[in-house]
Amino acid sequence: MLDIKLVRENPAVVKASEKKRGRDPVIVDQVLKLDGSWKKELKIVEELKHQRNVVSQEINQAKKNKKEKEAVKKIKEMQDVVEEIKEREYNANELLHQRNEALKRIGNILDKQVPTGKDESDNKELKKWGKITKSAFPVKDHLELGLALDLFDLDTAASVSGARFYYLKNEAVLLDMALQRFAVDVLLKHGFSMHWPPFMLNKAALEGGVNLAEFEDTIYKIENEDLYLIGTSEHPLLALKKDKVLQENELPQKIGGISTCFRKEAGAHGRDTKGIFRVHQFNKVEQVVICKPEESAKQFKEMQAVSEAIFQQLEIPYRVVAVCSGDIGNKQSLQYDIEAWFPGQNEKKGAYREVTSCSNCLEYQAVTLNTRFATKNGERKYVHMLNNTALATSRVIVAILENFQTKEGTIKIPKVLWSYMNGIKEIKRKK
């Protein structure tokens, strides 16, 4: 969430950002009103505690002077004060909770580069890479190809786990692992330290990276446990620094993650129901950067360049879009998506679909996680946090199947993956 100090000092800026998001900026006034009431209640508590301390000294003095009646009278008066302190502290805590809950509803301050728009149709195309060639033969989608080449078992998965689950088989298993290892090697070359995080987080850790109220249709909750399955390794990677004070010379920190991810996709009924494009479980390699505020714009560009380099080496055509104000999430100040070209989408006419999201979240997540850094002069400031997909294997497998299919129904393996594929350069029909 936003730092309350920022909202107090720059309400007009916060309101303008909310308005650009298409929201009623009155929420800013509500937060400030609750904040004022909380501060007022705190002041009363402090005054009452001061009064209690003064009278306590008077009681001790009265007892020393053997003025028992005076001491008893003051003790009775203080009992009422103690009860009022408890009541006022309760009220203060309630007001603080209400203020912070309202504060969570306010989105991050949007970067000037964010285009104004209502939904994903208003996202702005920034660039294209790769040549889209018209196929000389009828294009098949990834589901047709995967079933024909014995790469998926969707029916059994549906019977034992439910819709949107899958078994990967044969070369698809090797391809998934090859993509993970390739992406990890790219991140290592760019100075990322790799982590295999826990796949479950408690509520306190998870809320540092995501507003649960905003993602209740996405995240799986473990029954009778304070645990949630992660939707991305971004969240446990950020939780590494929860309640930590880093040193200025430790920044930036580039943290890579590799994990299985779990998502309900409850709000996506009817979309991509066939195949493995939109699923409940998938593997992903993630980039996270923690840095000083003045470095985050540079780090954003570098992270985006890393992901683009991955898709260029895979020879998958793509475009980059700036996510508009009506489509961007609460935590993001700026977001670029890579949308790969999928020839089998859109009734086999082809379509660009999202495969990575690069986000600069500024200090929004750091405030919730209470992650700061100590400057050389001893001042403590919130860090900036950024994240970006390196690649999510299931969607990239779909892109490879559809972009590298041949007239004979085989799949050419991108050259950059050959060394990871146990000598397999082409997926052919089983004999």
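Each reported figure results from applying straightforward, stated rules to the coordinates on display, with no laboratory input. Note that the structure is predicted; figures quoted are calculated from it, not measured. Here Cβ is always computed from backbone atoms with ideal geometry, including for glycine, and neighbour counts include all displayed protein chains.
What the table shows:
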item: Candidates Gln312, Gln287, Gln365, ranked by Gaussian network fluctuation over the chain, Cα under 10 Å, top entry; result: Gln312
item: Relative intensity, log₁₀ I(q)/I(0), of the chain from a Debye sum that treats every alpha carbon as a point, q = 0.10, 0.12, 0.13 Å⁻¹; result: -0.78, -1.04, -1.18
item: Over 16 Å [Cα-Cα, the stretch 1-48], rounded percent; result: 44 percent
item: Coil-residue trypsin sites (Lys or Arg not before Pro) of the stretch 64-97, DSSP, other Cβ within 10 Å capped at 12; result: Lys66
item: Highest-first arrangement of 149-156, 396-403, where packing means the average Cβ count within 10 Å; result: 396-403, 149-156
item: Cα-based reach from Lys63 at 24 Å (exclusive), listing lysines while leaving out same-chain residues under 8 positions away; result: Lys49, Lys73, Lys74, Lys76
item: P(r) tail fraction, the stretch 219-340 - alpha-carbon pairs more than 18 Å apart, %; result: 67 percent
item: Under 26 Å from the Cα of Lys430 - lysines, other chains or at least 8 residues apart; result: Lys140, Lys169, Lys274, Lys348, Lys407, Lys412, Lys415
item: Choice from Asp80, Asp337, Asp35 showing the highest fluctuation, given a GNM over the chain with Cα pairs closer than 10 Å; result: Asp80
item: About the Cα centre, charge dipole magnitude for the stretch 1-123 (Lys/Arg +1, Asp/Glu -1 at Cβ), debye; result: 560 debye
item: Gln312-Lys40 FRET efficiency (beta carbon distance; Förster radius 45 Å; 0.05 resolution); result: 0.20
item: Whether the stretch 181-283 is rounded, prolate or oblate, judged on the alpha carbon gyration tensor where a/c under 1.5 counts as rounded; result: oblate
item: Hits among aspartates and glutamates - C-alpha to C-alpha of Lys134 under 18 Å, sequence gap 8 or more where chains match; result: Glu315, Glu347, Glu402, Glu408
item: Distance from the stretch 138-173 to the stretch 358-392 (C-alpha centre basis), Å; result: 39 Å
item: Per-bin percent of Cα-Cα distances, the stretch 92-142 [10 Å]; result: 15, 21, 22, 19, 12, 8, 3, 0
item: log10 of Debye I(q)/I(0), alpha-carbon scatterers only, for the stretch 312-424 at 0.09, 0.15 Å⁻¹; result: -0.39, -0.78
item: Global form of the stretch 4-104, assessed from the alpha-carbon gyration tensor, a/c cut-off 1.5; result: prolate
item: Ranked list, fewest to most other Cβ atoms within 10 Å of each Cβ, for Arg278, Arg380; result: Arg380, Arg278
item: Ranking of Tyr166, Tyr90, Tyr220 by count of other Cβ atoms within 10 Å, fewest first; result: Tyr90, Tyr220, Tyr166
item: Residue-averaged [θ]222 nm for the chain, counting only DSSP H segments that reach four residues, each worth -39500 (n - 2.57); result: -13000 deg cm²/dmol
item: Förster radius 51 Å - calculated FRET efficiency between Thr406 and Glu294 (Cβ-Cβ, nearest 0.05); result: 0.55
